[in-house]
Each structure stands twice: as structure tokens, then as C-alpha cells.
């Protein structure tokens, strides 16, 4: 099944008899998948796509020499003080031990505030179908929001 807004016109059989073609990862392809779900998103001054889901800020980055590595980065809305870093490291270690996505880590902002971020990262050097990208985006958003909810529960 194609993600919303996509019609597969390739002639290569894919999973379940559906036709699929690998495409280069582009911001336009990412935006098409997001638009297909009627998600509200924006483009920052660097050309990166981002949006808010629940209270979380989620970015969709293309990194690597040719922009072939896809990263869905969630920045949990709940912030902490520098005194909480040790407890947040413990949270991240437990989260990463129990779950595959997103990989959680502690980030200290320039102003000294601390937050937990999560990442779903995939190398798409050979390309991606809209269906695969839709699955990666959905996974990144859903698991990122789950992580953010768990982080919010840590706040005293």
C-alpha cells in the first residue's frame, strides 16, 4: 500500500506484488510523505524540515556526503537543570537497553538547560521507496513521542 498521496508507477514488483522503485532521498520526497499525512511542518533556514508532534520538536535531517543518511531527531519538550544530567543518563541507558528506537541521549543547551533527544537513523545510500520512507517517518514520530512522554514523567 502506498503512503497517502503517492501512486507507484514503476514496473518492478515489490513486497506483496506491489510495484516499488527506489528513489534518492530528497527533502521533496520527505515533504511529500509528511504532506500525505496532512502533517504540519516547516523548513528552517538551513533547509531542514521540522514540526511539532504533541510537545516534541521533531526534525527530519539528511546527512552524509550526499544527504543519503536519514535522521528523525526528536527533542523532548521537558527541560531539566544541569543537576539532573546523571539521572537523565540513567534514563537514556535504560531506554536504549529496552528499546531499539529512538536512540536516546542527553543534550546540554548553550544556556545550561538539559533535555533528552532521540534519533532514528537509517542509511539510504541505495535509495528508498515512498512506502519505506513513510514507515521510517511514522516510526520516528511515534517512538519519539513515546520517549518524550516518558521523559516528561521524570520531571519533579
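The values are calculated or read from the model by the stated rules, or taken from the named source; none is laboratory data. Every value quoted in this text rests on a predicted model; they were computed, and no experiment measured them. Ideal geometry is used to build each Cβ from the backbone, glycine not excepted, and the neighbour counts take in all protein chains shown.
Quick look at the numbers
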item	result
So residue 114, is it without any contact (Cβ under 8 Å) to a residue 40 or more places away in the chain, in contact with a strand residue (DSSP E or B) (Cβ under 6 Å, 6 or more places away or on another chain) and farther than 16 Å from residue 53 by Cα	yes
Qualifying positions in the range 109-150 - touching a helix residue (DSSP H, G or I) at 6+ places or on another chain (Cβ under 8 Å), within 19 Å of residue 96 (Cβ to Cβ) and part of a helix (DSSP H, G or I)	147, 150
Residue within the range 79-90 that is in contact with a strand residue (DSSP E or B) (Cβ under 9 Å, 6 or more places away or on another chain), modelled with pLDDT of 95 or more and farther than 23 Å from residue 155 by Cβ present	no
Pair list, Cβ < 6 Å and 6+ apart or interchain, from the range 70-84 residues that are at negative phi and touching a residue at least 12 places away in the same chain (Cβ under 8 Å) to residues that are part of a loop (DSSP other than H, G, I, E, B) and surrounded by fewer than 17 Cβ atoms within 10 Å (Cβ to Cβ)	77/55; 78/155; 79/113; 82/112
Residues of the range 72-88 classified as outside any loop (DSSP other than H, G, I, E, B) and under 15 Å from the mean Cα position of the chain (by Cα), total	4
Scope the range 89-108; condition free of Cβ contacts under 8 Å to residues at least 12 places away in the same chain and in a loop (DSSP other than H, G, I, E, B); matching residues	100
Total residues in the range 45-67, condition assigned to a loop (DSSP other than H, G, I, E, B) and closer than 22 Å to residue 142 by Cβ	3
Which listed residue, of 26, 35, is more than 23 Å from residue 153 (Cβ to Cβ), modelled with pLDDT of 95 or more and out of contact with any strand residue (DSSP E or B) (no Cβ under 8 Å at 6 or more places or on another chain)	35
Total residues in the range 53-64, condition farther than 14 Å from residue 118 by Cα and at pLDDT 95 or above	3
